[in-house]
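The values are calculated or read from the model by the stated rules, or taken from the named source; none is laboratory data. Everything numeric in this text was worked out from a predicted model, so none of it was measured. SASA here: full protein model, heavy atoms, side chains in, ligands and nucleic acids out. Shrake-Rupley method; radii C 1.70, N 1.55, O 1.52, S 1.80 Å.
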Amino acid sequence: MADASLDITEQVARVLRSNEETQKFIAEQRKLLAEQAEHQAEGSKLERDRALAPWQIIVASMAAGAALFGAGGAFIELLA
């Protein structure tokens, strides 16, 4: 009888350890999935930035041209 209760206690302990290991594995898997989602979001942002880079250069060039045009006009008006 004592052997049976020890056997059951041992089996219960094994099941509890197994459940703990499973919970640790699930937590680690969730952490990895969260990191993966973060990396995918970062990749999407970089892809968007790469797509917008030529437009940023164009807009900055237009602004610089407008500033130079305005400075040239002011300089000519100053000389006149």
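Just a few scattered comments:
- Exactly one residue out of 20, 10, 35 is open to solvent by 100 Å² or more (accessible area, probe 1.4 Å) and in a helix (DSSP H, G or I): that is 20.
- Scope the stretch 46-80; condition open to solvent by less than 100 Å² (accessible area, probe 1.4 Å) and charged (D, E, K, R); matching residues: 49
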